[in-house]
1. Between a residue in region 114-137 that is among the β-branched types (Val, Ile, Thr) and any residue that is part of a helix (DSSP H, G or I), which pairs come within a Cβ distance under 7 Å, given they are 6 or more apart or on different chains?
2. Based on what the data block shows, is Lys100 in a helix (DSSP H, G or I), modelled with pLDDT of 90 or more and of a type in the set (Lys, Arg)?
3. Go through (1) at pLDDT below 85; (2) in a helix (DSSP H, G or I) one by one and return the number of the condition Lys196 breaks.
4. State whether one or more residues within region 55-70 are in a helix (DSSP H, G or I) and touching a Ser or Thr at 6+ places or on another chain (Cβ under 7 Å).
Amino acid sequence: MQITSKDYRRLTVWRLLLILSLLIAPGWAIGQTNADDYFHSGAQDYIFGDKKKAATEIYTGLKVYPSDLKLNAVAKLLQKKDPEDQNQSKKNQQNQDQKKDQQQQQQKQQNQKSDQQKKDEEKARQEQAKKDQEKKEQQGEQKDNQEEKDKQASATELHMSPQEARKLLDELKDDAKVLLFSPTNQPINAQRGKFKNW
């Protein structure tokens, strides 16, 4: 593994900050009363990789001591972006772009599936309607056939030969003679002449 000049500078800065923070740590334990205390606590946080906390300490110190050179120098250092941070932000952006692309593809696939389902449902409805129509037509044909058969059957039942018709008429004539009216409540002959006219 080769050490580049950037890595060497970075290590040197960290070593200096560590040494400074260790020298000032006893004063920091007593309490932060001056700009050096803010500087050392911010530098120590920066060395241990807690850049947010370091930035908070340094910027708090700058509010109290805006003209301090050490605090301003560390603030400039914090403002510069690390190449690692830049690479990380690029990776994050790429990951977000990939996620967006995947979401868009999933959305397209879902839309295609739902469109296909709608088409399939419509096709199924049309086929069902067609089957229903065919059933109705078949039932209509069956009904027509049944009516035709019924008509034929009734026509054959009503169809008589001339001899059958004469026989039926003769039977009806005999029945008609029997039905001649003969009153059963006739008055007796003796009383026939005695009608009172009131």
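The values are calculated or read from the model by the stated rules, or taken from the named source; none is laboratory data. No experiment lies behind these values; they were computed from the predicted model shown. Don't worry about glycine lacking a Cβ; one is built from the backbone with ideal geometry, like all the others, and counts go over all protein chains shown.
1. none
2. no
3. Lys196 satisfies every listed condition except (2).
4. First, the residues of region 55-70 that are in a helix (DSSP H, G or I): 55-64, 69-70.
Filter once more, keeping what is touching a Ser or Thr at 6+ places or on another chain (Cβ under 7 Å): 57.
Yes, there is a match, as at least one residue in region 55-70 is in a helix (DSSP H, G or I) and touching a Ser or Thr at 6+ places or on another chain (Cβ under 7 Å).
Condition check ((1) at pLDDT 90 or above; (2) loosely packed, with under 10 Cβ neighbours inside 10 Å; (3) not in a helix (DSSP H, G or I)) across all residues:
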| site | (1), (2), (3) |
| --- | --- |
| Asn92 | no, no, no |
| Gln112 | no, no, no |
| Arg125 | yes, no, no |
| Gln146 | no, no, no |
| Thr156 | no, yes, no |
| Leu172 | no, yes, no |
